[in-house]
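Below is one structure, written out as structure tokens; the observations come after it.
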């Protein structure tokens with residue numbers, strides 16, 4: 001994909017493999033931290049971890065860690081990941097977002113796996129047909145870096161961690 005090529009040209013780092021490798025490396029420690037968290041965030045994190053009971057694939061674990069990390073850092077999952085049941089609704093709702101907003105979207109799940117994952121920046125769909133939320137996070141970070149965009153204010157901590 002061109003995003004990976006541009007990111008590698010700028011940084012000499014392979015974007016997707018580096019991101020996934022680090023995510024997988026920190027996954028056990030992050031899941032352990034999530035279990036220890038108390039309060040309202042702890043309750044939300046327990047709900048996120050229950051996603052693993054139905055399907056415990058690598059992609060589902062990565063998505064769980066990303067969602068949990070957002071909650072752990074005190075931000076809202078909905079500020080990064082929006083879920084839609086119908087693609088038509090997504091297209092019409094993109095234009096009502098604040099101009100600096102960047103997010104991932106997934107629509108209509110099939111066996112707990114999103115059918116379509118994509119990226120929207122400033123109300124416009126930039127990429128679609130991505131295979132997973134974790135891969136979409138990778139591409140979003142590549143786009144932010146390659147296009148020299150500022151991190152969304154709502155996700156400053158999460159983007160800094162990525």
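Every number in this text was worked out from the coordinates using simple rules, so none of it is lab data. Everything numeric in this text was worked out from a predicted model, so none of it was measured. Positions of Cβ are backbone-derived with ideal geometry, glycine not excepted, and every protein chain shown enters the neighbour counts.
Worth a mention:
- Rg and Dmax of the range 1-65, based on Cα coordinates, read 15.2, 44 Å.
- Highest average packing first - 134-141, 44-51, Cβ atoms within 10 Å: 134-141, 44-51
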